[in-house]
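Participant: First the structure, which I've put down as structure tokens, then a few questions once you've had a look.
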Amino acid sequence: DSPAGWNQKWRTPLREGFDRLRDALADVFEQQGQSLLHDPWAARNDYIECLLDPSENTIRAFLDRHASHPLNDEEQSLALRLLEAQKYSLFTYTSCAWFFNDVSGLEPVQNMRYAARALQLMDGLIAQDVEASMLEAFSRAISNMPQYGTGKTMYLNYVKPDVYTPERAVNQLLLTTLVHQKPSARTSAKHPLKRLNGRQEHAVHIYALRGLQVVSWQELAGQAAEASAEDAAAEEQRAPIVSSQWFSGVFEVKDTITRQMWRILFTTFSEDNDHPVAYLKHVSHNEEP
């Protein structure tokens, strides 16, 4: 039972927000999907096969069956992004959210997380004001507990900050590698970050990460010394900050579900108190790191 004085008026604007997102996603799905799929909505309904068995063989057979033409890698990724966004749009209507007595509850917030994932999947494909429109409706979903505000407050404070991005995956891999390094492996040759180079993929949440270039600043300084004696002298003056504990490089990140790809440039180091720090920059596949 709900405490005295509580109401469930929050349900209507919460549903309205999800409806606005659903309609915007449907428009993009039809516009983009018709160039990729024979019948986008039939493919959406048939996509349940890939949810029950997300193997490479199942996905390949699904795309072969529904694609309007042989899809290249980029087109396959776009088709999967569109279908995944539809999946998460449907998830926003998961019935648990409507069984309980406040918008701040775990279940309504989880449905908002599904909405945030759908928006993440459609980044660059959907108008930026779609989220704003959804949140306008959420702002009228008033919590029965004043400290939680509205559905909009819950989304901005407890949902959006937790969206797991490719940058967060890189940051997690870098910092956990630094935290778990052994003191005996702190030279550039033995440093665990060096082992992130190569063909091996590192699984982090839904992403697969592969180090394309991971080098220490000490090595970079050595390259500069070979290139120019004048530059080498300048590097020597900066020697206190150029050590084997400073690394830079590039990671290739792949969403293992949609096959979307990113390249992320990083610089990382340990402060005097051994707390690791990382700086990241997203770069396009055509951009030189």
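Participant: I'd like to verify a number: residues in segment 109-123 that are among the basic types (K, R) and either open to solvent by less than 60 Å² (accessible area, probe 1.4 Å) or not in a helix (DSSP H, G or I) (or both), how many?
Facilitator: 1
Participant: Also: Anything in segment 125-144 that is open to solvent by less than 50 Å² (accessible area, probe 1.4 Å), in a loop (DSSP other than H, G, I, E, B) and either farther than 24 Å from D27 by Cα or polar (S, T, N, Q) (or both)? List them, or say none.
Facilitator: S139, A141, S143, N144
Participant: Search segment 57-71 for residues that are farther than 16 Å from R259 by Cα and at pLDDT below 95 and pair each with any residue that is buried (at least 16 other Cβ atoms within 10 Å of the Cβ) and hydroxyl-bearing (S, T, Y) when their beta-carbon atoms are under 6 Å apart and the residues are at least 6 apart or on different chains.
Facilitator: Sorted first by the residue in segment 57-71, then by its partner, the list stays empty.
Participant: Looking only at segment 1-52, which residues are farther than 15 Å from D64 by Cα, open to solvent by less than 80 Å² (accessible area, probe 1.4 Å) and small (G, A, S)?
Facilitator: Result: S2, G5, G17, A24, A26.
Participant: Further question on the same structure: Pick from segment 145-169 the residues that are β-branched (V, I, T) and part of a loop (DSSP other than H, G, I, E, B): which of them is surrounded by the fewest Cβ atoms within 10 Å (Cβ to Cβ)?
Facilitator: Among those residues, the one meeting the criterion is V163.
Participant: Collect the residues in segment 84-104 that are at pLDDT 95 or above and touching a helix residue (DSSP H, G or I) at 6+ places or on another chain (Cβ under 6 Å), keeping them in residue-number order.
Facilitator: E84, A85, Q86, Y88, S89, F91, T92, T94, V103, S104
Participant: Now for a separate question. Under 7 Å between Cβ atoms, at least 6 apart or on separate chains: pull out the pairs that start in segment 139-158 with a residue that is within 11 Å of G105 (Cβ to Cβ) and end on any residue that is among the hydrophobic types (A, V, I, L, M, F, W, C) and open to solvent by 20 Å² or more (accessible area, probe 1.4 Å).
Facilitator: N144/W6
Participant: Still on this structure: Filtering segment 137-173 down to residues that are among the hydrophobic types (A, V, I, L, M, F, W, C) and under 11 Å from the mean Cα position of the chain (by Cα), which residue is nearest to L196 (Cα to Cα)?
Facilitator: Restricting to residues being among the hydrophobic types (A, V, I, L, M, F, W, C) and under 11 Å from the mean Cα position of the chain (by Cα), the top hit is V170.
Participant: OK, next. Please enumerate the residues belonging to segment 60-78 that are open to solvent by less than 20 Å² (accessible area, probe 1.4 Å) and over 20 Å from Y114 (Cα atoms).
Facilitator: Passing the criteria: F62, L63, A67.
Participant: Restricting to segment 79-108, name every residue that is assigned to a helix (DSSP H, G or I), farther than 30 Å from R60 by Cβ and either open to solvent by 10 Å² or more (accessible area, probe 1.4 Å) or among the basic types (K, R) (or both).
Facilitator: Across segment 79-108, the qualifying residues are C96, W98, F99, L106, E107.
Participant: Can you pull out every residue in segment 27-54 that is of a type in the set (A, V, I, L, M) and free of Cβ contacts under 8 Å to residues at least 24 places away in the same chain?
Facilitator: Hits for segment 27-54 are I48, L52.
The values are calculated or read from the model by the stated rules, or taken from the named source; none is laboratory data. What you are looking at is a predicted structure, and each value in this text was computed from that prediction instead of being measured. Note that we place each Cβ from the backbone using ideal geometry, even for glycine, and neighbour counts take in every protein chain shown. Quick note on the areas: whole protein, heavy atoms, side chains included, nothing else; ligands and nucleic acids left out. Shrake-Rupley method; radii C 1.70, N 1.55, O 1.52, S 1.80 Å.
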